[in-house]
Each structure stands twice: as structure tokens, then as C-alpha cells.
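Note sheet for the following structure.
The values are calculated or read from the model by the stated rules, or taken from the named source; none is laboratory data. Keep in mind it's a predicted model, so treat the numbers as computed, not measured. Cβ coordinates were reconstructed from backbone atoms using ideal geometry, including for glycine residues, and neighbour counts include every protein chain displayed. For accessibility, only protein heavy atoms count, side chains too; no ligands or nucleic acids. Shrake-Rupley method; radii C 1.70, N 1.55, O 1.52, S 1.80 Å.
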Amino acid sequence: LITVGTPSQGEVDYQVELIDQLIAQKVDAIVIVPINSKVLVPPVIRAVLSGIKLVNIDIRLDQKLLNDHDIQVVYIGPDNESAAYDSGKVLASYLNKNDEVVIIEGLSGAENAYQRNTGFHRVIEEEKLKLVASESADWETDKAETVFGKLLLNYPGIKGVFCGNDAMALGVINVLDRNNRSDIKVCGFDNDTSAQKFIKEGKQVATIDIYSSQMAVEGIKCAIKMCKENFFEAEMSTNYMLYKI
């Protein structure tokens, strides 16, 4: 088992380089969590055409681009849209109609970020909340602090914050703590250690556990099966769990 990765969640070019290195090494299979659903398609195509078995977990590769090149890749992961919807519904239960809310988005170009945004938007429309801003913080805590700090200045009447992951929720909560704004409710995604702590303290109302490590296990099992047998299954759905106050 060869494990490689990027130092941060935004280094798309480096991830492309890593895939090309694995192709050059003539590995038998690759299990990938693509940083960008479109940019990683060309190196994935190169890998498949070179005979490497490819399993895509967590962040789905762009299906249209794969179809355009007649490439099939196994996908293993959760329903991010439904999971985000469930987390967002908990947040909405603390709010009233027309309350102002913002979305702190994940990395632009990542399919799971898009799906989570879609789930949050469904909640906002259903509950008739007022979305005043939706901005990306690239999954990062520090960037979320900067982005949300500016949003809070521009929209001091915010009542709720939908965060694409718990790392960004941590950044939002740091801003709220500095400004003594315990009245603003926050939901997240990933069930990070920070989220578990904040839920106990009442600073975060909900998060989602998508069982990332188990997803990786299933990806590796699938890759091994593909190498040993003539096995292919287009999609394998994994479970998630909602945690709330």
C-alpha cells in the first residue's frame, strides 16, 4: 500500500502530479479523493487507459467529463446533499422565517462542496430563510475566520451559519467568540473533534459523520477485488450519521 497526499486541501496541481507519478510507477490500482472534480479527470483517464484500476471515494469526479471520454470509474461515498440537508434542518429549527443566514462553502470545483451547498439551499428555501451571502473558505479554518469576519461586519443581523465542514465551522465559532455573539447558530459537517466539543458546549447545533476512514477501507477492498476479479460496480453508497445538540 502506497499512501500519498497533498499538504493542504487546495493543492490541485500537486495532486495531478502525484497521480502521474503513480502511473509512472505502474501501480495496479489507485484509490483517489480528488481535490477538484474536473481537474483530476484527465490524470484519472490517463491512469485508466494505462490499465490501472481506479476507485473514486468521497468527492465524486465529474461524471459528464468521464462519460465524454467513455471512461467508467467506481464511486464509493455518501449522499452529501441529503446529509447537509439533515444538518441544515437542525440549524433551521432554531431560526424563524426571514432570519438572515449565510453559507460558508467548501472548495470551489469539489463535487461534495456543491452537493452540500445544494442541501443547505433546500433547507433555506423550505424554511423561508433569507440567504444574504454564500462564500467559499476552501475547507480551511483560517480562511473561514477571514471570510466570516467580513460577513459579520456587513451583515450584523445574521442568525445562522451553514458550514460545509467542521474546520470552517471552527473558524466561524472563533469569530463569534471574539464578538460575543452566542445568539448566532452554526451547523457543520464531518464530526471533527472540534465539533464534538462545540456540540457539548452548545456552540454548534449539528454535524455529520460520513465515516471517512471506513470509506477508505471500502475503497481499498474494492480496488483489491477489481485487481483479482473482473469486478465493476458503478456506485456504492456509504452511510452517514447526524449528531446534534
**Report entry** Heavy atoms of ILE71 accessible to a 1.4 Å probe, total area in Å² rounded to 10
**Finding:** 10 Å²
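How much of the accessible area of the chain, in percent, comes from carbon and sulfur atoms when a 1.4 Å probe is used? Write out the running numbers ahead of the final one.
On the way: 5740 of 11950 Å².
Looking at the chain in its full context, I get 48 percent from C and S.
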Report task. Treating each Cα of the range 32-100 as an identical point scatterer and ignoring solvent, apply the Debye formula and state log10 I(q)/I(0) at q = 0.26 Å⁻¹. Result -> -1.14
Query raised in the report: Between LEU107, ILE76, TYR155, whose Cα lies farthest towards the positive end of the dipole of the chain when Lys and Arg beta carbons carry +1 and Asp and Glu beta carbons carry -1, centred on the Cα centre?
Result: TYR155
Report task. Jot down the per residue volume, in cubic angstrom and as a whole number, of the convex hull over the alpha-carbon atoms of the chain. Result -> 118 Å³
Report task. Only Cα pairs under 8 Å and at least 6 apart count here; give the relative contact order of the chain as a rounded whole percent. Result -> 20 percent
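Given an 8 Å cut-off on Cα distances and at least 6 residues of separation, report the relative contact order of the range 1-141 as a percent. Before the final figure, lay out each step's value.
Details: 213 pairs, mean separation 30.9, N = 141.
It rounds to 22 percent for the range 1-141.
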**Report entry** 222 nm mean residue ellipticity, helices alone, for the chain (DSSP H n ≥ 4; -39,500 (n - 2.57); rounded to 500)
**Finding:** -14000 deg cm²/dmol
Query raised in the report: Using unit Cβ charges (K, R positive; D, E negative) and no other charged atoms, how large, in debye to the nearest 20, is the dipole of the chain about its Cα centre?
Result: 440 debye
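In Å², and per residue, what accessible area does the chain have when probed at 1.4 Å with the other protein chains present? List each step's numbers first, then the result.
On the way: 11950 Å² over 245 residues.
In whole numbers, the chain has 49 Å² accessible per residue.
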**Report entry** Beta bridges per DSSP with both ends in the chain, % antiparallel, nearest 5
**Finding:** 15 percent
Query raised in the report: Mind checking which helices in the chain clear 15 Å along their axis (Cα) and have mean Kyte-Doolittle hydropathy of 0.5 or more, DSSP H runs only?
Result: 12-24, 166-178
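Which shape class applies to the range 110-163: rounded if a/c is under 1.5, otherwise prolate when a/b exceeds b/c and oblate if not, where a ≥ b ≥ c are the square roots of the Cα gyration tensor eigenvalues? Let's see the in-between values first.
Working: a/c = 2.85, a/b = 1.09, b/c = 2.63.
Note, shape of the range 110-163 comes out oblate.
Students sometimes get this wrong: rank ARG116, ARG178, ARG46, ARG122 by accessible area, probe 1.4 Å, all chains present, largest first.
The residues order as ARG178, ARG46, ARG122, ARG116, largest area first.
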Query raised in the report: How large is ³J(HN,Hα), in whole Hz, for each residue of the range 25-34 in order, when computed from phi with the Karplus curve 6.51 cos²θ - 1.76 cosθ + 1.60 and θ = phi - 60°, using x for Gly and Pro?
Result: 6, 6, 5, 7, 8, 10, 10, 10, 10, x
Report task. At 4 °C and 1.567 mPa s, grab the translational diffusion coefficient of the range 135-245 from Stokes-Einstein with a Kirkwood Rh over Cα pairs, rounded to a whole number in µm² per second. Result -> 83 µm²/s
